[in-house]
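Chemist: Once you've had a glance at the structure underneath, I'll fire off some questions.
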Amino acid sequence: MTATILIVDGEAGARRLTAALDGHMVTTTCDAAHAARLIELGAYDLVLADLDVAGGGLAVLRAARAHLAPPEVVLLSAHPGVPEALEAMRQGAHHYLPRDCSTEDLLAAVDGALGCAGCAARHAAAGTPVPCERPIAGVPYVSFRAFVDAACERVAADYLVALMRTFHGNVTCAARHAGMQRLSLLRVLKRHGIAPAAFRAPPVAGAVARAVGDAAVARAR
């Protein structure tokens, strides 16, 4: 199924991307401000933007995310790096690719964006069919955002386990130490499948643990 795609890149880059996206309805521009106006007026499924385009690719990303029915955004950069990728994900980009990526990697990112829940919801609201994905045989697609989210979840789970071990399952002390409401911490623990009771010490040891926890909270202040 044909998708509507906006390419924000220089002339050479736009030609390459347009050729790779044969079969889709493609609009091109080389300016972030013009791209923002097109996004405001149009109904795009996807925006492909170079970070170094005039006005900045992140400005294009912000314009897209501000739309009532925001299109997915894939950013490209000639100088990709982890800090830039994380900032792009933080601001809502679906994927972040090196400018010289292979056509296969580009199409995988495009297909992942077109097949995501946000794109499906837009088409459901409009009563139009969702553009079909074209998966590469034997290569599962995982967006960079999903990768970052999964890494953050693992780090959060490790932190929560360490927190419960430090305070021997005492949620009240742990919440104070983490600067959270007790109920909020309980919800997060439940979401990660972590049971405070599994970390609780015997009664005597528990009293010592509470004293240690209170001392830790006092030091943190």
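Chemist: Take the conditions open to solvent by 50 Å² or more (accessible area, probe 1.4 Å), modelled with pLDDT under 70 and part of a helix (DSSP H, G or I) and apply them to Val139. Does it pass? Even if it seems obvious, please write down each step before you answer.
Modeler: Working: open to solvent by 50 Å² or more (accessible area, probe 1.4 Å): yes; modelled with pLDDT under 70: yes; part of a helix (DSSP H, G or I): no.
It is false that Val139 is open to solvent by 50 Å² or more (accessible area, probe 1.4 Å), modelled with pLDDT under 70 and part of a helix (DSSP H, G or I).
Chemist: Of these, Ala174, Ala162, Ala157, which one is out of contact with any helix residue (DSSP H, G or I) (no Cβ under 8 Å at 6 or more places or on another chain), assigned to a helix (DSSP H, G or I) and in contact (Cβ under 8 Å) with a residue 24 or more places away in the chain? Step through it out loud before you land on a result.
Modeler: Numbers: Ala174 fails: out of contact with any helix residue (DSSP H, G or I) (no Cβ under 8 Å at 6 or more places or on another chain); Ala162 fails: in contact (Cβ under 8 Å) with a residue 24 or more places away in the chain.
After ruling out the rest, the residue left standing is Ala157.
Chemist: Please go through (1) within 15 Å of the chain's Cα centre (by Cα); (2) at pLDDT 80 or above for Ala117 and return the number of the only condition it doesn't satisfy.
Modeler: Every condition holds for Ala117 apart from (2).
Chemist: I've got another one for you. Consider segment 61-78. How many of its residues are open to solvent by 40 Å² or more (accessible area, probe 1.4 Å) and out of contact with any Asp or Glu (no Cβ under 8 Å at 6 or more places or on another chain)?
Modeler: Applying the first criterion (open to solvent by 40 Å² or more (accessible area, probe 1.4 Å)) to segment 61-78 yields 62, 65-69, 78.
If we keep only those that are out of contact with any Asp or Glu (no Cβ under 8 Å at 6 or more places or on another chain) too, we end up with 62, 65-66, 68-69.
Residues that pass the stated criteria total 5.
Table: residues versus (1) open to solvent by less than 60 Å² (accessible area, probe 1.4 Å); (2) touching a strand residue (DSSP E or B) at 6+ places or on another chain (Cβ under 7 Å); (3) within 22 Å of Leu61 (Cβ to Cβ); (4) at pLDDT below 85.
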| position | (1), (2), (3), (4) |
| --- | --- |
| Pro135 | no, no, no, yes |
| Ser143 | yes, yes, yes, yes |
| Asp149 | no, no, yes, yes |
| Glu153 | no, no, no, yes |
| Leu183 | no, no, no, no |
| Ala198 | no, no, no, no |
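Chemist: What are the residues in segment 88-99 that are of a type in the set (D, E, K, R) and either within 10 Å of the chain's Cα centre (by Cα) or in a helix (DSSP H, G or I) (or both), if any? Break it down into steps so the answer makes sense when it comes.
Modeler: At the first step, the residues of segment 88-99 found to be of a type in the set (D, E, K, R) are 90, 99.
Arg90 - this is the single residue of segment 88-99 that is of a type in the set (D, E, K, R) and either within 10 Å of the chain's Cα centre (by Cα) or in a helix (DSSP H, G or I) (or both).
Chemist: Something else: Against the definition (out of contact with any Asp or Glu (no Cβ under 7 Å at 6 or more places or on another chain) and among the hydrophobic types (A, V, I, L, M, F, W, C)), how does Ala54 come out, yes or no?
Modeler: Working: out of contact with any Asp or Glu (no Cβ under 7 Å at 6 or more places or on another chain): no; among the hydrophobic types (A, V, I, L, M, F, W, C): yes.
No: the conditions fail for Ala54.
Chemist: Right, here's the next one. Could you give every pair whose Cβ atoms fall below 8 Å, whose first residue belongs to segment 13-32 and is within 19 Å of Ala64 (Cα to Cα), and whose second residue is part of a helix (DSSP H, G or I) and polar (S, T, N, Q), counting only separations of at least 6 or pairs across chains?
Modeler: Close Cβ pairs (under 8 Å, with a partner that is part of a helix (DSSP H, G or I) and polar (S, T, N, Q)) amount to Val26/Thr18; Thr28/Thr18.
Chemist: Taking the condition of being over 17 Å from Leu106 (Cα atoms), hydrophobic (A, V, I, L, M, F, W, C) and in a helix (DSSP H, G or I), how many residues in segment 63-87 meet it?
Modeler: 4
Chemist: Pull out all pairs, ordered by first then second residue, where Cβ-Cβ is under 6 Å, the residues are six or more apart or on different chains, the first lies in segment 43-72 and is on the phi > 0 side of the Ramachandran plot, and the second is in a helix (DSSP H, G or I) and of a type outside the set (Val, Ile, Thr).
Modeler: Close Cβ pairs (under 6 Å, with a partner that is in a helix (DSSP H, G or I) and of a type outside the set (Val, Ile, Thr)) amount to Gly55/Ala32; Gly55/Ala33; Gly56/Ala32.
Chemist: Based on this model, can you work out whether Glu84 counts as open to solvent by 50 Å² or more (accessible area, probe 1.4 Å), over 19 Å from Leu17 (Cβ atoms) and at pLDDT 65 or above?
Modeler: Details: open to solvent by 50 Å² or more (accessible area, probe 1.4 Å): yes; over 19 Å from Leu17 (Cβ atoms): yes; at pLDDT 65 or above: yes.
So Glu84 fits the description; yes.
The values are calculated or read from the model by the stated rules, or taken from the named source; none is laboratory data. Given the structure is predicted, the values throughout are model-derived calculations rather than measurements. Cβ sites come from the backbone with ideal geometry, for glycine too, and all protein chains shown count toward neighbours. For the accessible areas, the whole protein counts, side chains as well, though only heavy atoms, and no ligand, DNA or RNA atoms are used. Shrake-Rupley method; radii C 1.70, N 1.55, O 1.52, S 1.80 Å.
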